[in-house]
1. Do we have SER80 as over 22 Å from PRO287 (Cβ atoms), open to solvent by less than 40 Å² (accessible area, probe 1.4 Å), hydroxyl-bearing (Ser, Thr, Tyr) and out of contact with any Cys (no Cβ under 9 Å at 6 or more places or on another chain) here?
2. Can you tell me which residues in segment 234-251 are closer than 12 Å to ALA126 by Cβ and surrounded by fewer than 15 Cβ atoms within 10 Å (Cβ to Cβ)?
3. Just wondering, is there one or more residues in segment 268-282 that are out of contact with any strand residue (DSSP E or B) (no Cβ under 7 Å at 6 or more places or on another chain), closer than 20 Å to SER151 by Cα and open to solvent by less than 70 Å² (accessible area, probe 1.4 Å)?
4. Looking only at segment 189-213, how many residues end up being open to solvent by 20 Å² or more (accessible area, probe 1.4 Å) and either under 22 Å from SER59 (Cα atoms) or more than 16 Å from ligand 2 (Cβ to nearest atom) (or both)?
5. Hey, among the residues in segment 43-62 that are touching a Phe, Trp or Tyr at 6+ places or on another chain (Cβ under 6 Å) and modelled with pLDDT of 95 or more, which one's nearest to ligand 1 (Cβ to nearest atom)?
6. Do you know which of the residues in segment 134-184 that are of a type in the set (Ser, Thr, Tyr) and closer than 22 Å to LYS224 by Cα is nearest to ligand 2 (Cβ to nearest atom)?
7. Can you name every residue in segment 18-58 that is outside any strand (DSSP E or B) and within 16 Å of ligand 2 (Cβ to nearest atom)?
8. Among the numbered conditions (1) open to solvent by 30 Å² or more (accessible area, probe 1.4 Å); (2) part of a helix (DSSP H, G or I), tell me where ILE70 comes up short.
Amino acid sequence: MAFTSAAEIEAFERRLADAVRTGHAEDLDIIGYGEVTIAVKLATPHGDFACKRLVPFSSRDAAEHTAALIASYIAQLTDSGIDVVETETPILTRPEGHVLYCVQPLLRSGTLGPDFLRGKTAEEAAPHVRRIFEHIRDAVTPRLAPDGQLSNWVIDGNRLRYLDVGTPFLRNERGEDLFDFTEQTRALPAPVRVIVNRFLLHGILDNYHSVRGQAMDFLGNLIKEGLADIFPPLIPLANEVFALSPEITEKEVRAHYKSDAQTYAFIQSARRADRWVYRKLLRKPYPYLLPPPIDRFG
Ligand SMILES: Nc1ncnc2c1ncn2[C@@H]1O[C@H](COP(=O)(O)OP(=O)(O)OP(=O)(O)O)[C@@H](O)[C@H]1O
Ligand SMILES: [Mg+2]
């Protein structure tokens, strides 16, 4: 049985569209902002769900193609040994395009990776981080990659699960991306979109398909999550599990994080400027919800 009925998800989408139109996100239970998507809670009589809305697609075909890619992504991650949170992908047809949602059961906040590790010492965190690293190591190939960041893992007792499937990192044997990332970068203002698509996207994506890139992202991201204290002692663990040679160093992780944070901070400030132009000059509602400014340097 589907997690949510068509009527429930339609009503939810209308509520979200209203919040976007009015810019009043307070009326929504936002549970997480990604760089592109937002995750919003949907309460129903038969349980609570996390609904993650991708940027609307320009055609029904593009949305259906993406839903099929997500299904294949989940199957391939599962084959590599990862326990993926059960996900449904309804598609709604709306004036602004074809909206694809990833719907999952809402997981308890204390089980989400960053919450789970908060307050733990590096020693206490290490066995959990080791399991995450092993899953990343076993999954990453030139054709497949999870987004290994801590915020995408759920730790519940002995069970370690992965939740971020809305961006399928899949490539064919020629190294071409199967997911059209440029559909998602449509959320960016035009000049920024051109720069990102042309100069940044391929490099950003290459990073996911290498265990070195995954290790750097995971460790650097701990700074953003306010877990900077525990990251230096975890570096030797990354070097060991990923068999990195040359070994990565704290200095390298900090430099990687800084350049990454600058890229995303630039993109987010461009989006806020774009929103200002829409609202104040064009007097049109800005069609996306933006995350609040993030303090990325912990
Ligand atoms: N099923 C869920 N239950 C509870 N919280 C969730 C669930 N799914 C996502 N979240 C919260 O929302 C955040 C963002 O979700 P997710 O990682 O799936 O997408 P994303 O990171 O926004 O995608 P991207 O950055 O690739 O656009 C998660 O890190 C988590 O904090
Ligand atoms: Mg994520």
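1. Working: over 22 Å from PRO287 (Cβ atoms): yes; open to solvent by less than 40 Å² (accessible area, probe 1.4 Å): yes; hydroxyl-bearing (Ser, Thr, Tyr): yes; out of contact with any Cys (no Cβ under 9 Å at 6 or more places or on another chain): yes.
Yes.
2. Going residue by residue through segment 234-251, those that are closer than 12 Å to ALA126 by Cβ are 234-238, 240-241.
Matches in segment 234-251: PRO236, GLU240.
3. Checked segment 268-282: at least one residue is out of contact with any strand residue (DSSP E or B) (no Cβ under 7 Å at 6 or more places or on another chain), closer than 20 Å to SER151 by Cα and open to solvent by less than 70 Å² (accessible area, probe 1.4 Å).
4. Qualifying residue count, segment 189-213: 17.
5. PHE49
6. Across segment 134-184, the extreme among qualifying residues is SER151.
7. Of everything in segment 18-58, those that are outside any strand (DSSP E or B) and within 16 Å of ligand 2 (Cβ to nearest atom) turn out to be GLY34, GLU35, VAL36, THR37, LEU54, VAL55.
8. (1)
The values are calculated or read from the model by the stated rules, or taken from the named source; none is laboratory data. All values reported here derive from a predicted model rather than from experimental measurement. Positions of Cβ are backbone-derived with ideal geometry, glycine not excepted, and every protein chain shown enters the neighbour counts. Accessible surface is based on the protein model in full, side chains and every heavy atom, while ligands, DNA and RNA are left aside. Shrake-Rupley method; radii C 1.70, N 1.55, O 1.52, S 1.80 Å.
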